[in-house]
Amino acid sequence: MAIILSLETSTTNCSVSLSNEGETLVLKEDNNANYSHAESLHIFINDVLKSAKLSLKDLDAIAVSKGPGSYTGLRIGVSAAKGLCYALNIPLISVSTLKALACQVNVSDGIIVPMLDARRLEVYSAIYDASFNEIRNVEAQILDENSFLEYLGKETVYFIGNGVEKTKRLIANPNAYFIEDKFPSSNEMSSLAFEKYKKSDIEDVAYFEPFYLKDFIALKSKK
């Protein structure tokens with residue numbers, strides 16, 4: 001058996017799952033616009049373990065969504081994962097946030113573009129084929145009406161994530177299919193984490209940092 005606890009905190013969705021051999025056993029998540037991760041994450045961890053009648057000592061590894069996404073959200077998830085891995089002396093596995101999001105799309109052909117909302121007309125996006133092979137790696141890009149045109153001219157492009165709302169206002173193409181109201185979830189992390197676990201593709205617990213993609217900028221509060 002390979003019991004893996006997966007944590008997803010890169011967006012407003014605070015999500016925790018417990019899996020065995022890549023199959024999700026228990027999932028608990030709450031998509032709260034107020035970012036309740038600091039208050040909810042450890043409660044969710046305890047809840048999924050209790051539901052599965054397991055304890056922290058039963059875990060073989062912990063997986064964490066590595067980003068990109070919310071700076072604060074990623075810090076909370078990674079800090080929790082690293083602390084547990086260190087205390088339990090088990091491996092840390094990082095999972096691409098955008099690949100896990102792409103895995104929510106079940107199609108036999110076409111292109112999948114998972115995207116997370118950034119500022120103004122910017123999104124964090126990557127591009128995958130229907131088998132979730134990466135075609136273009138993660139980028140921070142400014143959207144316009146010509147974005148993804150080289151793919152839209154050839155086949156159906158499935159856009160998914162909280163960056164879809166701004167994208168559909170700009171792109172009018174018969175090959176564009178917009179999947180709305182979807183957020184990264186630890187549910188799709190289960191199989192991805194297990195594949196990395198089997199290959200011993202793990203992180204250094206001491207030095208691992210989230211993939212922010214862009215530097216954090218602290219804004220001054222308005223008085």
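When both segment 1-57 and segment 88-111 are represented by their alpha-carbon centers, they are found 15 Å apart.
Note on the chain: dipole from Cβ charges, positive end direction compared against Thr24, Tyr71, Pro174; the farthest Cα belongs to Tyr71. Bridgeable aspartates and glutamates around Lys82 (alpha carbons under 15 Å apart, same-chain partners fewer than 8 residues away excluded): Glu8, Asp60, Glu203, Asp204, Glu209. If you take the square roots of the eigenvalues of the alpha-carbon gyration tensor of segment 3-65 and sort them as a ≥ b ≥ c, do you get rounded (a/c under 1.5), prolate (a/b over b/c) or oblate? Because a/c hits 1.5 or more and a/b exceeds b/c, segment 3-65 counts as prolate. Shape analysis of segment 1-127 yields a ratio of the Cα radius of gyration to the Kirkwood radius, Rg/Rh, of 0.98.
What does the C-alpha gyration tensor say about the overall shape of segment 47-108? Classify as rounded when a/c is under 1.5, otherwise prolate if a/b is larger than b/c, or oblate.
It is oblate, given that a/c is not under 1.5 and a/b is not larger than b/c.
You can think of it this way: the chain between Asn133 and Leu149 has 3.8 nm of extra reach, that is 0.36 nm per residue less the Cα-Cα gap. Tell me the label-point distance for the pair Ser55, Ile43, using the 7 Å Cα-to-Cβ offset, in nm and rounded to one decimal. That separation, rounded to one decimal, is 2.4 nm. Entry comment: accessible area of the chain is 51 Å² per residue, from protein heavy atoms only and a probe of 1.4 Å. For the chain, the mean residue ellipticity at 222 nm estimated from helices alone is -7500 deg cm²/dmol, where every DSSP H run of n ≥ 4 contributes -39500 (n - 2.57) and the total is divided by all residues, rounded to the nearest 500. Shape class for segment 131-184: rounded, because the ratio a/c of the largest to smallest gyration tensor axis (alpha-carbon atoms, square roots of eigenvalues) is under 1.5. Apolar share of the accessible surface for the chain: 47 percent from carbon plus sulfur atoms, 1.4 Å probe.
Rounded to 0.05, the FRET efficiency of the Ala206 and Asn89 pair, given R0 = 22 Å and the Cβ-Cβ distance, is 0.95.
In a reduced charge model with +1 at each Lys and Arg Cβ and -1 at each Asp and Glu Cβ, segment 1-155 shows a dipole moment near 620 debye about its Cα centre.
The values are calculated or read from the model by the stated rules, or taken from the named source; none is laboratory data. From a predicted model like this one, the values you see are computed outputs, not experimental measurements. With ideal geometry, Cβ positions are generated from the backbone for all residues, glycine too; neighbour counts draw on all protein chains shown. Just so you know, the surface numbers come from the protein's heavy atoms only, side chains and all, with ligands and any DNA or RNA stripped out. Shrake-Rupley method; radii C 1.70, N 1.55, O 1.52, S 1.80 Å.
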